[in-house]
Amino acid sequence: MVFPTHRPRRLRQSAPVRRLMAENHIVPSQLVLPLFVREGIQDPQPISSMPGQSQHTLDSLRRVAVEAAEAGVGGVMLFGVPAVRDAVGSGADDPEGILNVATEALQREVGDALVVQTDLCLDEFTDHGHCGVLREDGAVDNDATLERYVSMGIAQARAGSQLLGLSGMMDGQVAAIRSGLDAEGFTDTIIMAYSAKYAGAFYGPFREAVDSQLKGDRRTYQMDPPNAREGVREALLDVEEGADIVMVKPGLPYLDVLAEVRSAVDVPVWAYQVSGEYSMVEAAAERGWIDRRATILDSLTAFNRAGADAVLTYWATEAAGWIREGL
Ligand code: PBG
């Protein structure tokens with residue numbers, strides 16, 4: 001009888017041994033909850049393509065943010081859905097605009113317990129649904145958009161946002177917004193750049209979540225799915241421009257890019273488990289095809305293993321609860 005020299009199974013023999021050997025751990029403080037707040041509604045509106053998620057009123061928004069804080073979640077990322085839209089997204093930098101009003105309310109309510117963050121992009125606020133302002137020929141005007149972003153960033157910082165999530169994919173946006181913030185005295189406002197943000201199919205349900213007006217696609221500014229090297233380049237450029245944190249998005253389908261970015265930069269790297277990823281799991285779980293909780297925890301562990309320092313996930317509060325209960 002020749003005995004195996006190596007027995008990796010030795011370290012898997014029981015739950016206590018496996019627990020001690022775990023290389024990675026997900027913790028509630030590394031989870032960030034994206035939330036939608038809509039202007040002019042009396043009751044929260046369920047988002048049909050994202051079961052369990054809603055467009056919130058200011059009141060219901062406060063409630064879910066408090067729940068997240070109590071569960072130990074690290075932050076909330078706010079998206080605004082305005083009642084009125086126009087070509088330049090005027091609601092975005094209006095201090096009375098829904099996103100800025102909500103930010104102020106949440107900063108007061110939960111600002112001591114978690115990091116209140118805002119999405120910095122024009123797509124929810126424009127009547128054409130693009131992430132920037134348009135030239136006469138219909139193309140998204142990079143440099144004119146930067147001016148709008150700077151104004152939006154200052155309005156968000158003024159409303160109390162501690163961390164701006166730059167999701168518009170305009171060239172030079174990090175440097176422009178950083179210098180705009182600094183000039184207004186907002187030197188402590190954190191910039192998280194969606195550096196490697198890919199165009200593609202996984203944002204589908206989000207379009208319903210924000211009542212997107214987009215016709216067409218974002219392929220002239222978001223990245224092309226085949227390109228990984230380019231994702232690393234975008235991250236390096238953003239760090240050079242002053243980004244405090246970089247992000248890769250979508251999440252699970254782009255873990256290769258996440259791992260490459262992780263090894264290329266020394267700032268925190270975040271991931272966004274986007275709406276399509278959420279809805280696929282919810283749909284399969286609803287049909288009894290997969291174990292919902294186990295699948296969610298597996299997916300969050302995968303981000304951790306690939307090197308993510310934090311993850312934006314619509315399951316943040318629920319997963320934080322499971323982790324705290326030791327499930
Ligand atoms: C743009 C933005 C989008 C998402 C986050 N920020 C939509 C897009 O780029 O089309 C998608 C998030 C998700 O799908 O969960 N403001």
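The values are calculated or read from the model by the stated rules, or taken from the named source; none is laboratory data. All figures in this text were calculated on a predicted structure; none of them were measured in a lab. Note: ideal-geometry Cβ built from the backbone for every residue, glycine included; neighbour counts use all protein chains shown.
Annotations for the structure displayed:
- Residue in the stretch 304-327 that is out of contact with any Phe, Trp or Tyr (no Cβ under 7 Å at 6 or more places or on another chain), within 16 Å of the ligand (Cβ to nearest atom) and under 17 Å from GLY165 (Cβ atoms) present: yes
- Residue check for GLY307: at pLDDT 95 or above and in contact with a helix residue (DSSP H, G or I) (Cβ under 7 Å, 6 or more places away or on another chain): yes
- Members of the stretch 128-158 found to be in contact (Cβ under 8 Å) with a residue 24 or more places away in the chain and in a loop (DSSP other than H, G, I, E, B), listed by number: HIS128, GLY129, HIS130, CYS131, GLY132, VAL133, ALA139
- Summed over the stretch 159-179, the residues that are under 20 Å from GLY80 (Cβ atoms), out of contact with any Leu (no Cβ under 9 Å at 6 or more places or on another chain) and either more than 16 Å from the ligand (Cβ to nearest atom) or not in a loop (DSSP other than H, G, I, E, B) (or both) give a count of 2.
- Residue check, ARG287 more than 10 Å from the ligand (Cβ to nearest atom), closer than 21 Å to ASN142 by Cβ and of a type in the set (Lys, Arg): no
- Residues in the stretch 1-43 that are within 28 Å of ALA271 (Cβ to Cβ), outside any strand (DSSP E or B) and of a type in the set (Val, Ile, Thr) were compared, and the one that is farthest from the ligand (Cβ to nearest atom) is VAL27.
- Filtered by the rule that a residue be under 19 Å from the mean Cα position of the chain (by Cα) and closer than 21 Å to CYS131 by Cα, the stretch 163-189 gives LEU163, LEU164, GLY165, LEU166, SER167, GLY168, MET169, MET170, GLN173, VAL174, ILE177.
- Qualifying residues in the stretch 141-190 (those that are among the polar types (S, T, N, Q) and more than 21 Å from VAL115 (Cα to Cα)) - the one surrounded by the fewest Cβ atoms within 10 Å (Cβ to Cβ): SER179
- Any hit, the stretch 205-228, residues being part of a helix (DSSP H, G or I), among the small types (Gly, Ala, Ser), surrounded by fewer than 16 Cβ atoms within 10 Å (Cβ to Cβ) and within 18 Å of the chain's Cα centre (by Cα): no
- The condition (being surrounded by 13 or more Cβ atoms within 10 Å (Cβ to Cβ) and over 19 Å from SER275 (Cα atoms)) is satisfied by just one residue among GLN13, GLN107, GLN42: GLN107.
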